[in-house]
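The structure appears right after this line, and notes come after that.
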Amino acid sequence: MKQRRTRSLSSEETRLWVSIARTAKPLKGKAAPDLPPDEAAPAPASPAPPPNLSPPNLAPMPRGDVALPAAWSAPPYAPPGNAASAKPRLPPLHPIERPVRRKIGKGRIALDDRIDLHGQTEATAHGVLLFFLRQAQARGLRHVLVITGRGASFGSTGTLKRALPHWFSTGEFRALVAGFEPAERGHGGDGAFYVRMRRP
């Protein structure tokens with residue numbers, strides 16, 4: 001019978017066997033085997049020196065005004081024109097010609113309608129007249145008579161007579177009225193107005 005030849009374990013095999021043996025619970029009176037001296041855990045390496053944190057040498061900032069790029073100093077964009085202050089243009093008023101006034105006064109040109117604002121407050125008369133003129137334009141009327149009163153009678157101050165030209169200078173009336181003139185005597189004189197309607 002041949003004698004079995006024993007083979008010694010290599011360092012890699014010894015390390016593997018010891019690592020497995022250390023996971024098992026040793027018998028009573030026995031201790032877990034130690035790693036071979038050459039396989040012991042290496043000593044912790046000394047930490048690397050910290051990097052140089054000193055700030056780099058920077059050129060000193062120039063004092064005084066610094067020239068900025070042209071794109072930075074360009075003025076902000078402004079839209080063409082002044083859109084904020086631009087007001088819509090109102091249609092102009094054209095006075096009624098004197099021959100036309102005389103023909104209306106003599107009845108050769110008929111008045112299409114009339115409204116009498118006597119006895120109304122300024123606020124009420126404003127709304128009533130605006131409604132009347134809108135209806136007149138919608139009906140296609142050309143000449144209407146607006147009676148305000150002269151302001152010469154007792155208790156009358158002529159407020160509506162003075163207010164009517166101011167009303168006709170505003171946008172809401174200018175869209176309706178093409179022109180106006182004091183009426184002839186037969187229609188109330190300076191206490192009434194001929195109003196020419198603007199075509200829609």
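Applying the selection to region 161-193, what residues are hydrophobic (A, V, I, L, M, F, W, C) and within 22 Å of Leu90 (Cβ to Cβ)? Scanning region 161-193 gives Ala163, Leu164, Trp167, Phe168, Phe173, Ala175, Leu176, Val177, Ala178, Phe180, Phe193. Val100 falls short on exactly one of the conditions (1) in contact (Cβ under 8 Å) with a residue 12 or more places away in the chain; (2) of a type outside the set (Lys, Arg); (3) crowded, with 16+ Cβ neighbours inside 10 Å, and that condition is (1). Among the residues making up region 121-141, a single one is touching a Lys or Arg at 6+ places or on another chain (Cβ under 9 Å) and loosely packed, with under 11 Cβ neighbours inside 10 Å: Gly140. Could we say that Thr121 is in contact (Cβ under 8 Å) with a residue 12 or more places away in the chain, closer than 18 Å to Gly191 by Cα and hydroxyl-bearing (Ser, Thr, Tyr) here? When the stated conditions are applied, Thr121 does not pass them. Among the residues examined, Arg98 qualifies as within 20 Å of Ala178 (Cβ to Cβ) and of a type in the set (Lys, Arg).
Here, each number is a calculation from the coordinates, and none is a lab measurement. Predicted model, so just to flag it, every value in this text is computed and none were measured. Heads up, the Cβs are rebuilt from the backbone with ideal geometry, glycines too, and the neighbour counts pull from every protein chain shown.
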